[in-house]
Amino acid sequence: MILYRCTILTALALTVLLGRSQAYGQTRRGLIRGIVTDPKGELLPGARIVLENPTTGQRTETRSDDHSEFAFESVRFDPYTLRVSSPGFQPVDLDLVIRSSKPVLVNVRLGVAPAKERVTIEAGAGLVKEPSSSTETKIDGIAIRRSPGATNVGHLQHLLARVPGCATENNGLLHFRGVDDGILYIIDGIPTVDRRDFISANTFETEAVRFLEVITGNIPAEFGGRSGAVVTLEPKSAIDLPVSGAMSLGAGSFKSGEAVGTVAGGLKGRIGFLAVGSSSRSDRFLDPVDPRNLHNHGGTVKLNLRADWHPTDSDTVLFNGSFNRSDFNVPNRILQELAGQRQRQELRDNSQSLGWIHTWTPSTVSHLAYYRHAYHSRLFGSPFDTPIFTEQDRRHVRQGFIGSVTHQYRGHTLKAGVEVSRVTPREFFTFAVTAAGPHEDEAISDAAAVFTPERPFVFHDRRVRGQVSGYFQDSFSPVRNLSVAAGVRYDHSNLLTSDQQLSPRVGAVYYLAGSHTAIRCSYNRMFMPAQVENLLLASSEQARRLSPFTAETGEGGAPIHPERMHAFEAGFSQDLFGILKLDSAYWWRFFRNVNDPNILFAGTVIFPNSVAKGMAKGIEVRVDVQDYKGFSAYFSYTNSRVLQTGPVNGGLFLTDDVIEIGPGTRFIPDHDQRNVGSFGVTYYHRGTGLWASFFGRHESGVPLEVDEDRLVELRGAPGSDLVDFHRQRVKPWTVFGISAGADLFSDERVTTAVQFNIENIADRQFAYNFGNPFEGTHFGAPRMWSARLRLTFH
């Protein structure tokens, strides 16, 4: 199943690789290597070296080996403090700033000296002290480890929801700055553009992640395929650690539970390995479509593997592999439960990647990689399905070659790259109407009602399509305190239509050293092909004949072209008293062919569609407190507005209760969330290791998007008290939660930690959406408790 079949893609990619002209600088990571000696220059093996990120508070520790050497791999671009100590010698602190992939070499000599010695090492000429022109949010390993919940299934979405500009939706769906399903995930420089919400594919295993970095403004030219946000998941590495293991057990409300096991270690500083396996289950696996949480059991099994090999000081080989599955019931409404409907779904996915990073000279680094992502989804109907019977078998494989060359020259950090990929979607889908007419909060259209169990709708198709991308970018400082990041990207996609775009991207940041203020602005042009999941059916003539948006003039319906966007941003960041960091941005975006998928009958099948035009604008504020007397905190707020203009193209719509969206019709889409806020406050007692957190989230509610006749019918549906029918929006909701934990005991062999959580402590009832023809009806979680025990074996 995982064997690669040779295709024309191989020939194209090898041609590029042999030319050594490609580069895909998505490895925004540096390398720190060093040696520790005594005052006479003699070697000091066993010295303790701690690398600390003052921005996030994350600490990584190692010791010098038998040759007194040490290394920190995959160090993200940031300022750091390197602390070196050894018994009988004076410790040394060094300030480092990592701004490029150029390796940083550190020679540390310990000896009799003043109380402390502080040195600044700058990596990346011209861009060392100035902040980034991108809007970035960093989430460290501590926040990942303390994320609440009995299972890790929703941890990634919970963490990403903290980012300004992010609005949540049911089942792990996220919207960044007006973009639906616009997240590009990066692991070890490998891109993932496919959907990774709860109902499309398994989410990433956060137990294997060291930290997260999210870019929402001024996305560099090296990143493409998605235009909402770039999420870098930096995997854990154990190359400098002895063999160790960990086990985590979780339990909570709705009979939720999870077991996670980890084994990691390194061999002679050259080979590191990490294996994480997990299994989880819950009786509230998805967000239910009825407040009573009917028919909602599910579970997952995941295996993640990573290995890094350093055959020489100039070479690094990275391997990543994952094998995941989830089986779950499709939640029922009350009439479906009483009728005996028992639909279920299976998701299977696996990924493999192999990359090679080579340092040619101190100023030149290359990265070459191959990746393969495979996805399979099966939906099983049941004999008593109502009002519609559905079954599906969908799968696709995406594989490709990428590469990058990064070169520093006279204050410029130059990158150039290319990606060649192929995707092979295959789809089977069938439905039959079993109960025509209004059914709770849905009304089946006349066009769909003709398909009955005796004469069902049947679709099957398969395609082979490809994409080619290339980019060039430069980062430099033309004058003191001014930094510029400029680049251009080219994308060509024939999925399923043939489209291409040249996308300039430029951003600048000016740093006022006296007041510690950074002022930034940027312009990006973005290109985002439609989601491949269910694209064949959504783009077909069969779906077009069912669409309520097809006009007599031929507008509306299929096909679905890539989303094109112009994105502008202006913002600033401010350090206050060395304790608070304030960041604010105003952004506005203009779209053509807005990607805005719809969910079939509030179920678990998402169909892509596009809207002719759109705009989104908003203002964001985030405040971070960096470990002040044991306290740390964050607060984020976003005020935004989204508008779109018809017609709607693609999708699969089996109802006719939507608002009229013809050519030129302006409307408010389903993800228009005007006000979103979140916060978290944590206290950590260093003496005892006890910690406690208080957190919360507010969202102002999304629109219903139904006609006036359907509004009357929806007033009698379960959960209608959570809707403001006068405003035609879901009512605003605010939830709070608490977490607490501690290290119970620790010795040379075992460390034991516990965590207890209560989410939605006020048991506030709320709905993500209600009766929406694009998203359906889904309800948020009530009060839930969970506990977790973690054992680490040294």
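Counting only residues that are hydrophobic (A, V, I, L, M, F, W, C) and farther than 16 Å from P103 by Cβ, which one in the range 404-426 is most open to solvent (accessible area, probe 1.4 Å)?
The qualifying residue most open to solvent (accessible area, probe 1.4 Å) is L414.
The set of residues in the range 195-250 that are aromatic (F, W, Y) and either more than 14 Å from the chain's Cα centre (by Cα) or more than 18 Å from G149 (Cβ to Cβ) (or both) comprises F211, F223.
Looking only at the range 761-794, count every residue that is farther than 30 Å from F549 by Cβ and of a type in the set (S, T, Y) and tell me the total. Of the residues in that region, 2 qualify.
Selection of first residues in the range 643-663 that are closer than 16 Å to L535 by Cα and of second residues that are aromatic (F, W, Y) and at pLDDT 85 or above, restricted to Cβ pairs under 7 Å at least 6 apart or on distinct chains, gives the following pairs, ordered by first then second residue: G651/F607; L652/F607. Considering every residue within the range 669-682, establish whether at least one is of a type in the set (K, R), touching a Ser or Thr at 6+ places or on another chain (Cβ under 9 Å) and under 30 Å from T137 (Cα atoms). Yes; the residues of the range 669-682 include at least one that is of a type in the set (K, R), touching a Ser or Thr at 6+ places or on another chain (Cβ under 9 Å) and under 30 Å from T137 (Cα atoms). Here R764 fulfils each of the conditions (1) open to solvent by less than 40 Å² (accessible area, probe 1.4 Å); (2) on the phi < 0 side of the Ramachandran plot apart from (1). Tell me whether the range 691-702 contains one or more residues that are among the aromatic types (F, W, Y) and open to solvent by less than 10 Å² (accessible area, probe 1.4 Å). No, the range 691-702 contains no residue that is among the aromatic types (F, W, Y) and open to solvent by less than 10 Å² (accessible area, probe 1.4 Å).
Residues are listed down the side, and each one gets a yes or a no for (1) within 25 Å of P669 (Cβ to Cβ); (2) open to solvent by less than 40 Å² (accessible area, probe 1.4 Å); (3) without any contact (Cβ under 8 Å) to a residue 40 or more places away in the chain:
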site	(1), (2), (3)
H566	yes, no, no
A570	yes, no, no
S584	no, yes, yes
W588	yes, no, yes
N595	yes, yes, no
F607	yes, yes, no
G614	yes, yes, no
D624	no, yes, no
G630	no, yes, no
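Each row is one residue, and each column tells you yes or no for (1) modelled with pLDDT of 90 or more; (2) farther than 26 Å from R333 by Cβ; (3) not aliphatic (A, V, I, L, M).
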site: V405; (1), (2), (3): yes, yes, no
site: V420; (1), (2), (3): yes, yes, no
site: T452; (1), (2), (3): yes, no, yes
site: F459; (1), (2), (3): yes, no, yes
site: Q467; (1), (2), (3): yes, yes, yes
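Can you tell me how many residues within the range 309-360 are open to solvent by 60 Å² or more (accessible area, probe 1.4 Å), more than 19 Å from V209 (Cβ to Cβ) and assigned to a strand (DSSP E or B)? Residues in the range 309-360 being open to solvent by 60 Å² or more (accessible area, probe 1.4 Å), more than 19 Å from V209 (Cβ to Cβ) and assigned to a strand (DSSP E or B): 7 in total.
Among S278, S282, which is the only one that is at pLDDT 95 or above and in contact with a helix residue (DSSP H, G or I) (Cβ under 7 Å, 6 or more places away or on another chain)?
Matching residue, one of S278, S282: S278.
The set of residues in the range 221-260 that are in a loop (DSSP other than H, G, I, E, B), hydroxyl-bearing (S, T, Y) and surrounded by fewer than 20 Cβ atoms within 10 Å (Cβ to Cβ) contains only S253. Scanning the range 690-732 for residues that are touching a residue at least 60 places away in the same chain (Cβ under 8 Å) and at positive phi yields E705, G719.
The values are calculated or read from the model by the stated rules, or taken from the named source; none is laboratory data. Since this is a predicted model, take the numbers as computed values, not measurements. Neighbour counts run over all protein chains shown; Cβ positions are idealised from the backbone, glycine included. We work out accessible area using only protein heavy atoms, side chains counted, and drop any ligands, DNA or RNA first. Shrake-Rupley method; radii C 1.70, N 1.55, O 1.52, S 1.80 Å.
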